[in-house]
1. Within the bounds of region 87-96, is there any residue that is without any contact (Cβ under 8 Å) to a residue 40 or more places away in the chain, buried (at least 17 other Cβ atoms within 10 Å of the Cβ) and of a type in the set (S, T, N, Q)?
2. For A105, are the conditions met, namely being within 17 Å of S70 (Cα to Cα) and in a helix (DSSP H, G or I)?
3. Somewhere in region 55-63, is a residue acidic (D, E), out of contact with any Asp or Glu (no Cβ under 7 Å at 6 or more places or on another chain) and surrounded by fewer than 17 Cβ atoms within 10 Å (Cβ to Cβ)?
4. How many of the residues making up region 99-113 are touching a strand residue (DSSP E or B) at 6+ places or on another chain (Cβ under 9 Å) and closer than 20 Å to L53 by Cα?
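Each value in this text was obtained by applying a stated rule to the coordinates, not by laboratory testing. As the structure is a prediction and not an experimental result, all values here were calculated from the model. Every residue, glycine among them, receives a Cβ derived from its backbone with ideal geometry; neighbour counts consider all protein chains shown.
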Amino acid sequence: MRWFRFIVLVITASILSGCISVLPPDGVLGPGGPYGTPVALIPEGAANSAYTLDSGDRLRVVVFGQDALSNSYAVDAAGNITLPLIGPVRARGRTTTEVSASLVARLRQGFLREPHVAVEVEFYRPFFILGEVTFPGQ
């Protein structure tokens, strides 16, 4: 009976020892590098980077106290959003915080004394995956 317990214990330990692995800090593993070592798929520092705007994104801009300026604006093909009074404002390659700061600076130039602007992404641009995939499309 002791041998049976010993064999079960050895088999269980060998099975469980194969389940233990060390993951990278973000926990994302790639298909494997040389000699079967795991490779991180996300480049270092990219996990903390903010979403940058581009054509096809739709932004919700709220200018506090100015209902005429608060609206949804689409980022056009040139990478701009166009607001009344101030015209086109560059959005491509910027974050929502950067666009908000740019709008505050433009509105402060003779239109509003102390503008407070909030910008958020209302609809994200579509991403398409092409190639040999299980479910192609948007």
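1. no
2. Working: within 17 Å of S70 (Cα to Cα): yes; in a helix (DSSP H, G or I): yes.
Yes; evaluated as a whole, the condition is true for this residue.
3. The first filter runs over region 55-63 and keeps only residues acidic (D, E), leaving 57.
With out of contact with any Asp or Glu (no Cβ under 7 Å at 6 or more places or on another chain) added as a condition, the list becomes 57.
Then drop every residue that is not surrounded by fewer than 17 Cβ atoms within 10 Å (Cβ to Cβ), which leaves none.
No, region 55-63 contains no residue that is acidic (D, E), out of contact with any Asp or Glu (no Cβ under 7 Å at 6 or more places or on another chain) and surrounded by fewer than 17 Cβ atoms within 10 Å (Cβ to Cβ).
4. In the first step, residues of region 99-113 are kept if they are touching a strand residue (DSSP E or B) at 6+ places or on another chain (Cβ under 9 Å); the result is 99-104, 106-107, 112.
Pick out the ones that are also closer than 20 Å to L53 by Cα and you get 99-104, 106.
Counting residues in region 99-113 that are touching a strand residue (DSSP E or B) at 6+ places or on another chain (Cβ under 9 Å) and closer than 20 Å to L53 by Cα gives 7.
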